[in-house]
Amino acid sequence: MLIKTPSASASRENDVTPESIYLSRRSFFAAAGGAAAALALPHSVQADASPYADVEPAQAPGWFTDKLKAAKWQAVTAGNETLTPYKDATHYNNFYEFGSDKGDPARLAGAFKPEPWTVMVDGEVGKPGRYSVEDLFKEQQIEERIYRLRCVEAWSMVIPWLGFSLGDVLKRFEPTANAKYVRFETIVDREHLEGQSSSFSLIDWPYIEGLRLDEAMHPLAILAVGMYGRVLPGQNGAPLRLVVPWKYGFKSIKSIVRITLTAEQPKNTWQALAPDEYGFYANVNPAVDHPRWTQAHERRLPSTLFSPNVMPTRLFNGYDEVAGLYGNLDLRTNY
Ligand code: MTE
C-alpha cells in the first residue's frame, strides 16, 4: 500500500463466473447434504465434483467439511452485484508476510502449512486460553456472507466468505467490564515467511489490527475460514482471518494467532507506519481522500486498461447499518 499503485488485474472478462453457476453450486451442497461422502476424514478432498470450473477442490480439515453440512448459505448477499472470479480473489492479494507483490501470496502460500494452528485468547476476558481453530467455532453454525471488499488502494471485489460471527466467538470468552477494544495479531515465522525476513520490509512484525469492542460485536463482523464454498486458501489468510466489510481491506487481518481484549486502543500496523495516511478506524469513506489519491471511486476487479470497471465508492462501503456506531465521531479526523 505504501509501496506502489497496483496495476490492473490480469483477468479476462471470460474468467467471470456467472452468479447462476455459483448458485447452482450452492444448491449442489444443499442437495448433497454437505457434498463429499468422505467428510468425516481429517483431510478430505472437499467439493470434488464442484460445478465451478475455476474453483479447485481443496484439502480441508474434517471439522470444516462437517460444518459445511449445516451451513447457512447466503446469510448475507450483495444484492445483484457480480461475484469476483475466484482466480482474481486468490491471485491479486495483499499479504505482506509473503512479499509486497500482488502475486507473491499465491506463489508462496501453498508451501506454508503450520499445523496444528492455535489461537491465544487473552487480556480482558474471563476465559483466557489457547484454542484450536475447531474449538473456537465448535458451538457456531458456519455462514456464507457475500461481502464487498474495498481496499484502501481503490480496488474492490465481491467475495462469498464462509465464517462465523466474531461477536458470538468473543462472548464465549466473557469480556470483562474493562474490555473496550480487540487486538488481533498475525503469525510470525521469519524462517518460512519471506516477507518477514526481507530486509526491504518496512513492517514491524507481527501485523496488528484492532477494533473497538462495539465494532467487533456488530453482526456484520466475521472470522472467515473459507470462501467460494471451500476452505480458505493460504494467500487469503488461512486458517482464519477477520472480515469487516465496511472498513478498508487492511483492517481484515489474515492468519490470526492471537486475540487480545484490551482497555486501551491498540496501534495497528499501517497506522504505526504512516499515521497521516492510515488511521485506526479506516471506515470506507468517499469524502475523505487518501493524501496521495482520491477515495471517491474504486476499480471493481476484474479491471483492465480497456475495461477499467470504475464505480463510485459508498460511505461504509454501502453498509449503512453500521452508521450508528459512529454517531458522535468526526469521520474526517478519525479516518
Ligand atoms: N493481513 C496480514 N496479516 N498481512 C497483510 O499484509 N493485508 C491487508 C489485509 N490483511 C494484510 C492482511 C490488506 S492491505 C488487504 S486489502 C486485505 O488483507 C486483502 O485481502 P485479500 O488478499 O483476501 O483480498
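Data overview
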{"item": "Projected area, mean over directions - region 230-335, Cα convex hull, nm²", "result": "8.9 nm²"}
{"item": "Cross-link pairs Lys67/Lys247; Lys69/Lys251; Lys113/Lys254 - those with Cα-Cα distance over 22 Å", "result": "Lys67/Lys247; Lys69/Lys251"}
{"item": "Computed lengthening from Asp276 to Leu305, 0.36 nm per intervening residue step minus Cα-Cα distance", "result": "7.4 nm"}
{"item": "Quarter of the Cα convex hull surface for region 296-335, i.e. its orientation-mean projected area (nm²)", "result": "3.6 nm²"}
{"item": "Stokes-Einstein D in µm²/s, Kirkwood radius over Cα pairs - region 66-323 at 10 °C with 1.306 mPa s viscosity", "result": "85 µm²/s"}
{"item": "Contact order normalised by residue count of region 50-111, Cα under 8 Å, 6+ apart, percent", "result": "22 percent"}
{"item": "Extension gain, Asp330 back to Thr176 (0.36 nm per residue minus Cα-Cα distance, nm)", "result": "52.6 nm"}
{"item": "Relative contact order for region 66-323, counting Cα pairs under 8 Å that sit 6 or more residues apart, in percent", "result": "21 percent"}
{"item": "Histogram of C-alpha separations across region 97-164, 10 Å bin width, %", "result": "15, 26, 41, 18, 0"}
{"item": "Share of Cα-Cα pairs in region 91-208 lying beyond 25 Å, as whole percent", "result": "40 percent"}
{"item": "Placed amide H near Gly99: partners under 5 Å, 5+ positions off or other chain", "result": "Gly195"}
{"item": "Region 253-307 - Kirkwood radius from inverse mean 1/r over Cα pairs (Å)", "result": "14.2 Å"}
{"item": "Spatially proximal lysines relative to Lys127 (Cα-Cα < 18 Å; intrachain offsets below 8 disregarded)", "result": "Lys138, Lys171, Lys180"}
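Coordinate-derived values only; no laboratory data. All figures in this text were calculated on a predicted structure; none of them were measured in a lab.
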